[in-house]
Each structure stands twice: as structure tokens, then as C-alpha cells.
1. Just checking, which of 128, 166, 151 is in contact with a strand residue (DSSP E or B) (Cβ under 8 Å, 6 or more places away or on another chain), surrounded by 15 or more Cβ atoms within 10 Å (Cβ to Cβ) and assigned to a helix (DSSP H, G or I)?
2. Can you name the residue in the range 1-47 that is at pLDDT below 75 and surrounded by 21 or more Cβ atoms within 10 Å (Cβ to Cβ) and, of all such residues, is farthest from residue 166 (Cα to Cα)?
3. Write out, first by first residue and then by second, each pair whose Cβ atoms fall under 8 Å of each other, whose residues are 6+ apart or on separate chains, and whose first residue, in the range 152-170, is over 17 Å from residue 104 (Cα atoms) while the second is surrounded by fewer than 18 Cβ atoms within 10 Å (Cβ to Cβ).
4. Identify, from the list 198, 187, the residue that is at pLDDT 95 or above, farther than 16 Å from residue 100 by Cα and surrounded by fewer than 22 Cβ atoms within 10 Å (Cβ to Cβ).
5. Show the residue pairs meeting these rules: Cβ distance below 7 Å; 6+ apart or different chains; first residue within the range 50-76 and at negative phi; second residue at pLDDT 85 or above and assigned to a loop (DSSP other than H, G, I, E, B).
6. Condition first: farther than 18 Å from residue 111 by Cβ and not in a helix (DSSP H, G or I). Now tell me which residues in the range 171-200 satisfy that.
7. Across the range 131-140, what is the number of residues that are in a helix (DSSP H, G or I), more than 25 Å from residue 211 (Cβ to Cβ) and in contact (Cβ under 8 Å) with a residue 12 or more places away in the chain?
């Protein structure tokens, strides 16, 4: 069990330390610094069920949540908080790990849900910041919900990649029997939630939506 825990945690620790070093050297900053962690660590966590039971993932998620609360107080990891806008996304990221580990009925459901959170959400933010400056829009007219067409399309495309990972990991039969729900309703619903949730609450709503929908199909 110890080697499996090391396999689970060592890459996450490496990403956190590397991001802190890059932040201190001013190689990455702002949203890029946060999403560096968000994508790399999150994608690794998404595949934890390949070698860890759900109860182990639940415990690791609780530990991560505790560490993030401590980091908020002490600013242990500056890269996570390298933005000025108010967000609870870091804490809700860990909450999503805990909740999805508790609720997911099978491994691939957890993987898809956390890839929605890490790959799709994080990738959308990077695409939006890089290529979406000239095509931005305000959801509900609120500046706090500034999005971009490029970022939104990136989320949708990466959501399909996330679903594809679930297909490969064992969800093929379920998805084939529910094509419309899997490849139309879920990606569009997740995109709407990612667009409309303020202060990082999409970090829990989006993966939870995927978990609930796929749980209802297995």
C-alpha cells in the first residue's frame, strides 16, 4: 500500500514544489501559475482509481483539503493564490475529489468527472487567457463571470476528450447505450455550469454533474 501512496502523492508534490519554484523565479504567474497545478496535478489524480481504492482516494482528498486550508492561511504555496479575484476554487477542487470518490460507482466515472475538473476547466482557462482576449463576453452581464468564446469551445472539446478516457477505461457499453445523454447533454450541461458558476463553484458542480449522470446509467 505504501508504494501505491507514494505513486499517488509524489507527482502531486513534485508539481506543487515545481510551481512554487517557477513562481518565485517569475517564470509563471497569475492564472497560468494556478492552472499549471490545476491541470497537471488534477489529471494525475483523475487516474488514482487505477491503483487506489475509493476509500483511499477519499482519505487523500481530505488530507489535500486540510493542506489547502492551511496554505490559504499561511500562503504556503504562492502559485495557487497568484490572482487577485475572489475564488474558492482551490478548496472546492479538493472537495470534488472527496465527493466524487465517495459517490462514484465505478472507476471510470471518477476519472471522467475529475478530468472535467482538471483538464477541461484548466485547459479552457489557459486557452481563454491566451487566445480569448478579443472574444470575451460577460455571463449575466457580470464582470466576475468574464468568459471567452475560445475558452468555452476549448472546454467543450476537452470535455469530449475526458469522456473518451472514460470510454477506454470501461464505460464503453454504458456510453454506447446512452449516446445522446453522454455526447450531447452532459458536455453541454457541463459547459453551461463552467460558464455560469462564480467564485470557483464550477469546480464542484461540473464534476458532480458528471458523477450523478453516469451513476444513474450504470
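1. On the way: 166 fails: in contact with a strand residue (DSSP E or B) (Cβ under 8 Å, 6 or more places away or on another chain); 151 fails: in contact with a strand residue (DSSP E or B) (Cβ under 8 Å, 6 or more places away or on another chain).
Checking each option against the conditions leaves just 128.
2. Applying the filter and picking the extreme gives 23.
3. Hits for this filter: 152/195; 156/188; 160/183.
4. 187
5. 54/104
6. If the condition is that a residue be farther than 18 Å from residue 111 by Cβ and not in a helix (DSSP H, G or I), then 197 is the only one that fits.
7. Residues that pass the stated criteria total 4.
The values are calculated or read from the model by the stated rules, or taken from the named source; none is laboratory data. It should be emphasised that the depicted structure is a prediction, and the values quoted were computed from it without experimental measurement. Quick reminder, even Gly has a Cβ in these numbers, built from the backbone with ideal geometry, and neighbours come from all protein chains shown.
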